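The values are calculated or read from the model by the stated rules, or taken from the named source; none is laboratory data. Treat the numbers as computed from the prediction; the structure is a model and nothing was measured. As a convention, Cβ positions derive from the backbone with ideal geometry for all residues, glycine included, and neighbour counts pool all protein chains shown.
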Amino acid sequence: MVRCKDIAAMVGVSRQAVTAVLNNSRPNCVSKEKRAEILRVAAEHNYCPDHAAIALKTGKSNLIGIVMPPWDNPYIAELCMGIQRCLASHGFTPFFTIDNYENPVPGNLEQLLSLHVAGVITVAASILPDDIGLPVVSYYYDDPRFDSVCPNFREDSRLIIEHLAACGHTKIGYLGQLEDSRVPHLISEAEDRKLEFPERWRIDCRDMDYAALFDRLLERNGANDLPTALIVHNDNAALQVMRRIRERNFRIPEDISIIGHDDISYCGNALPALTSVSFGSPDANAEVMVGLLTEQIASLGRPRKKILLNSRLIRRESVLDLGRKNT
């Protein structure tokens, strides 16, 4: 790997001059011709700055820590790609680490902070200390200590229950994480509309075996005591549940309607196409988070900001209109 001193020897200038040009801290410390030659040689040899060394020397870093769940959810994968692109446009480099749902960032939090990252974007803000002393953007969960970018769970729930009620569904179930922030809102919306949404039709996802959620619903209630519509906590889970429903000889949406969350790209290609709640494209949401983080970096100590993402229900084929069915 080429280093600053190697580039300096090739170009015939000091290492300090190369460092100043590449860091853009003193771009005019050499002639325009030498500056162009330094940049050309660095590009030809794929120069990569030693972020750890820079951070140790200056106490500053262009690294941003990104703590996200495993990328088995396509939405998270697309979101991380969007974050990487947005950070690059602002001159920052992401350092990704994984929240594995049970033990967030196992052994890596100290390592992450030891890199002197300039800020953090995370779905696991609760693991961060109060005195972290860094700009932080909490995604999905509204941690009151940090800037947050969250779905509008109340609006999500209103859109879902309103749509199901308009389609004549009065028996509704939920498959997913029962501690999810939208569940209380779903319960409240269902109660307001006098819809059945009992505990026996709410199945908790304990081990990420999404397809088994429908099996557990069947085991608990039997084939003759099932809801006509199921809300699933994300599209990745919903697609697996849909497969299992068909394997158990139920039809979608004739026997059971399905609604997911995230509106991933696969929704439109599913059979039937999956109705889902969208709260914005991954790229757009990445821009929101990176924007908040760069604001904090430029203005430390500014008041906390909370942004609620806009919810839209994308109606497709997986929800049956019972009124039309009976006419």
Exercise for the section: Looking only at the range 187-217, count how many residues are in a strand (DSSP E or B) and either of a type in the set (D, E, K, R) or over 16 Å from Arg244 (Cα atoms) (or both). Expected result: 3
Fill in the blank from the handout: The number of residues in the range 167-186 that are touching a residue at least 40 places away in the same chain (Cβ under 8 Å), surrounded by fewer than 19 Cβ atoms within 10 Å (Cβ to Cβ) and either part of a helix (DSSP H, G or I) or on the phi > 0 side of the Ramachandran plot (or both) is 1
Handout entry: Residue tally, condition surrounded by 17 or more Cβ atoms within 10 Å (Cβ to Cβ) and closer than 29 Å to Ile160 by Cβ, over the range 292-316
Key = 5
Practice task
Please indicate, with yes or no, whether at least one residue in the range 197-210 is crowded, with 17+ Cβ neighbours inside 10 Å, over 26 Å from the mean Cα position of the chain (by Cα) and at pLDDT 95 or above.
Solution key: yes
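Looking at the range 97-112, can you tell me whether even one residue there is at pLDDT 85 or above and part of a strand (DSSP E or B)? Walk me through how you get there before you give the answer.
Initially, the range 97-112 is screened for residues at pLDDT 85 or above, giving none.
Among the residues of the range 97-112, not one is at pLDDT 85 or above and part of a strand (DSSP E or B), which makes the answer no.
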Practice task
With respect to Leu226, determine if the residue is part of a helix (DSSP H, G or I), in contact with a helix residue (DSSP H, G or I) (Cβ under 9 Å, 6 or more places away or on another chain) and closer than 20 Å to Ile245 by Cβ.
Solution key: no
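Restricting to the range 254-271, name every residue that is surrounded by 20 or more Cβ atoms within 10 Å (Cβ to Cβ) and either assigned to a helix (DSSP H, G or I) or more than 23 Å from the chain's Cα centre (by Cα) (or both).
Residues of the range 254-271 surrounded by 20 or more Cβ atoms within 10 Å (Cβ to Cβ): 256-264, 267, 270.
Those that are surrounded by 20 or more Cβ atoms within 10 Å (Cβ to Cβ) and either assigned to a helix (DSSP H, G or I) or more than 23 Å from the chain's Cα centre (by Cα) (or both): Ile256, Ser257, Cys267.
From the list Arg251, Arg324, Arg220, exactly one residue is assigned to a helix (DSSP H, G or I), in the same structural domain as Tyr174 (by TED's automatic domain parsing) and among the basic types (Lys, Arg). Which is it? Walk me through how you get there before you give the answer.
On the way: Arg251 fails: assigned to a helix (DSSP H, G or I); Arg324 fails: in the same structural domain as Tyr174 (by TED's automatic domain parsing).
Exactly one residue qualifies, and that residue is Arg220.
Conditions (1) more than 30 Å from Arg220 (Cα to Cα); (2) in a loop (DSSP other than H, G, I, E, B), marked per residue:
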position: Tyr75; (1), (2): yes, no
position: Leu79; (1), (2): yes, no
position: Ile83; (1), (2): yes, no
position: Gly91; (1), (2): yes, yes
position: His116; (1), (2): yes, yes
position: Val137; (1), (2): yes, no
position: Arg154; (1), (2): no, no
position: Leu159; (1), (2): no, no
position: Ala165; (1), (2): no, no
